[in-house]
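*Asks:* Before I ask anything, let me first share the structure, which is written out below as structure tokens.
Values quoted throughout were computed directly from the atomic coordinates according to the rules given, and no laboratory measurement underlies them. Remember, predicted model here, so these are calculated numbers, not experimental data. Note that we place each Cβ from the backbone using ideal geometry, even for glycine, and neighbour counts take in every protein chain shown.
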Amino acid sequence: MALGRLAVTVDVSARVGPLELQTPLVAASGTVGSVWEFARVADLAAYGAVTIKSVSAEPWEGRPVPRLAPTGVGMLNGVGIQNPGIEAWVTDIVPRLRNLTTPVWGSAVGNSPDEFARVSKGLESAGLSTVEINLSCPNLEDGRMFALDPVSSGAVVAAVTASVDVPVGAKLSPNAEDIVAVASACAEAGAAWVTLTNTVWGAGVDIETRRPLLSGEVGGYSGEPLKPIALRCVREVAQALPDLPIVGCGGVMHGKDVIEYLMAGASAVGLGTIHFAEPRAGRRVLEEVERWCSQNGCDRLDELVGSVVPW
Ligand SMILES: Cc1cc2nc3c(=O)[nH]c(=O)nc-3n(C[C@H](O)[C@H](O)[C@H](O)COP(=O)(O)O)c2cc1C
């Protein structure tokens, strides 16, 4: 009798604070359109959750083109969070999300705590069961990104958690000088998890035209080179705040990147820029995660969370 290697059935479910996810993969905001179009090309069952593009209280026009620029490795974007505003979003988009079986996470953005709260309330009233708040956005009061400052980040989270009942996650920026202080302020204000991270600031020049690659000059740099930066944030927060759930995000291309984020302390992992080159990446990445687990005798993904061994 030939004794082959026994296939291990892997439990790929994940838990992010109060949220139970079927898989650890989360489609990152702004990289899967309004979700319903993405659902026509990708297998949403590969994801534990998919996140909408951030929505603001009023319509935002976004920046002029060019606002996306591949840079060889990674990608620059300066879209300026173009969106139709919460009222139009609820009217036009919500009916198209009704038949989806994968949980859809809301994403709120604003220029003041009140605006964040208004949008989050609108997302909750529209039936979304979770809201992620995108703190990489300028505060009208001082023009600085909320995510750079623990006090203003905490004020946004407090305003949102006071106005909705659904779990609220805070999406932070790798540009913050002290990511632990910002994460800690968000947790104290009631965030159920933090997403680490949004894009890092970057810029580029087209040497033929001598113009900046983006109309806004500086934009968000994402993709493969972001991974070590986001992982550094995950490690710092996981060590300082071990009870705060983390969604790791930045530069995931393969299943092994997901394993790395889980070991570093994330409970779930976002996929963003990969979707522009490979819209069906979620299914492939999930299969790679399952294969790695089978080959390494891991039958439950949550065993891996924070399993990094210190030197
Ligand atoms: C074109 C583009 C648009 C994005 N728009 C948003 C957004 O509206 N809200 C948000 O929270 N993050 C937004 N992001 C950030 C991503 O959700 C993600 O955090 C970031 O790109 C890092 O992950 P990645 O390296 O896998 O892309 C955007 C990213 C890209 C590339």
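*Asks:* Within region 199-234, restricting attention to residues that are in a loop (DSSP other than H, G, I, E, B), among the hydroxyl-bearing types (Ser, Thr, Tyr) and surrounded by 14 or more Cβ atoms within 10 Å (Cβ to Cβ), which residue is nearest to the ligand (Cβ to nearest atom)?
*Replies:* First, the residues of region 199-234 that are in a loop (DSSP other than H, G, I, E, B): 199, 203-204, 207-210, 213-218, 223.
Then drop every residue that is not among the hydroxyl-bearing types (Ser, Thr, Tyr), which leaves 199, 209, 215.
Checking the rest, the ones that are also surrounded by 14 or more Cβ atoms within 10 Å (Cβ to Cβ) come to 199, 215.
Numbers: THR199: 5, SER215: 14 Å.
Applying the filter and picking the extreme gives THR199.
*Asks:* In region 110-127, is there at least one residue being in a strand (DSSP E or B) and touching a residue at least 12 places away in the same chain (Cβ under 8 Å)? Walk me through it before giving the result.
*Replies:* From region 110-127, those in a strand (DSSP E or B) are none; that's our starting set.
No, every residue in region 110-127 fails to be in a strand (DSSP E or B) and touching a residue at least 12 places away in the same chain (Cβ under 8 Å).
*Asks:* Go through (1) within 13 Å of the ligand (Cβ to nearest atom); (2) buried (at least 24 other Cβ atoms within 10 Å of the Cβ) for GLY265 and report which single condition fails.
*Replies:* Just one mismatch for GLY265, condition (1).
*Asks:* Using beta carbons and a limit of 6 Å, which pairs, at least six apart or on different chains, have the first residue in region 288-303 and outside any helix (DSSP H, G or I) and the second one among the aliphatic types (A, V, I, L, M)?
*Replies:* Listed pairs, sorted by first residue: ASP299/VAL8; ASP299/VAL10.
*Asks:* Something else now. Pick from VAL258, VAL205: which is more than 29 Å from GLU290 (Cβ to Cβ) and of a type in the set (Val, Ile, Thr)?
*Replies:* VAL205
*Asks:* Moving on. Looking only at region 17-70, how many residues end up being buried (at least 17 other Cβ atoms within 10 Å of the Cβ), among the basic types (Lys, Arg) and more than 10 Å from the ligand (Cβ to nearest atom)?
*Replies:* Residues that pass the stated criteria total 1.
*Asks:* Next up: Exactly one condition in (1) within 22 Å of LEU19 (Cβ to Cβ); (2) surrounded by fewer than 19 Cβ atoms within 10 Å (Cβ to Cβ); (3) within 15 Å of the ligand (Cβ to nearest atom) is not met by CYS186; state its number.
*Replies:* (2)
*Asks:* Hey, among GLY306, GLY248, which residue is within 19 Å of VAL180 (Cα to Cα), in contact (Cβ under 8 Å) with a residue 40 or more places away in the chain and surrounded by fewer than 22 Cβ atoms within 10 Å (Cβ to Cβ)?
*Replies:* Working: GLY248 fails: surrounded by fewer than 22 Cβ atoms within 10 Å (Cβ to Cβ).
Only one candidate passes the filter, namely GLY306.
*Asks:* Within region 284-301, which residues are buried (at least 16 other Cβ atoms within 10 Å of the Cβ) and within 25 Å of PRO245 (Cβ to Cβ)?
*Replies:* Result: VAL285, LEU286, GLU288, VAL289, GLU290, TRP292, CYS293, CYS298, LEU301.
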